[in-house]
Amino acid sequence: MKHFRKELRSGQPPPGHGHSVTRSLRSYRCITQVSLQVSVGGFIGDSAVLPCFSKERPLKLQEITVHWRYNDDLNVYDIIDGQGSVEDQHSAYKGRAEMFSDDFEKGNFSLKLSDLQHNDTGKYICYASDIHTVELLVKEKEKIIQEEDKAKQTEEKENQGAQPGPEKIVTLVAVLSVFILLCC
């Protein structure tokens, strides 16, 4: 964050961003000290939504400038003058990062990241009217399913002695039938 503010004071573009930010630096002069942090989990191959909301109202679409960065360095997505921009986007996010452009004027600058990869795990920063930090943790589905299966198998083994299986019931019915026939 200090790195970002230093570059703003010097008039240089923020990390991971090229020439087009100079016209939008005026928007960052009012960034507050507030830093909100959220954790989001996702699975490899799935999508995750990284939240970022502005409390400022009213918002004029043409005045909205927001930057999403990964580990304060890689350009994930930009909104410049109310328009989504992937011009300087890092290649790792091409075709995988999208925004909810219909909600920009409502202050929703959340990022949807598709086709999650293990190396997407890390810290994402949304530079809007406030600074929002989102920690993304990407897990493998198979490991989670395997862990659930192991827990289920352990539970079934523990419950096997508690309830009679169908073969025990058939045996009991046969023994009772023989006993009834012999006694009559």
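If you filter the range 55-111 for chymotrypsin sites (Phe, Trp or Tyr not before Pro), then keep DSSP loop positions with at most 16 other Cβ within 10 Å, what is left?
100
Which of 123/150; 94/141; 112/150 have a Cα-Cα distance over 27 Å?
In this structure, 123/150; 112/150 lie more than 27 Å apart at Cα.
Determine the sum of side-chain charges near residue 57: Lys and Arg each +1, Asp and Glu each -1, restricted to other residues whose C-beta is under 15 angstrom from that of residue 57.
With Lys, Arg at +1 and Asp, Glu at -1, the net is -2.
Quick one: compute a quarter of the convex hull surface over the Cα atoms of the range 85-130 and quote it in nm².
The directionally averaged projection comes out at 3.9 nm².
Counting only protein heavy atoms, what percent of the accessible surface of the range 43-139 is carbon or sulfur at a 1.4 Å probe?
The value for the range 43-139 is 49 percent carbon and sulfur by accessible area.
Once the convex hull of the alpha carbons of the range 43-139 is built, what does its volume come to per residue, in cubic angstrom?
82 Å³
For residue 139 and residue 102, compute 0.36 nm times the residue count separating them, minus their Cα-Cα distance, and round to one decimal in nm.
10.3 nm
How much accessible area per residue does the range 43-139 have, counting only protein heavy atoms and a probe of 1.4 Å, in square angstrom?
Per-residue value: 45 Å².
The values are calculated or read from the model by the stated rules, or taken from the named source; none is laboratory data. Model, not experiment: these values are computed from the prediction. A quick note on method: Cβ atoms are made from the backbone with ideal geometry, for glycine too, and the neighbour counts reach across all protein chains shown. Protein only, heavy atoms only, side chains kept; ligands, DNA and RNA dropped before computing areas. Shrake-Rupley method; radii C 1.70, N 1.55, O 1.52, S 1.80 Å.
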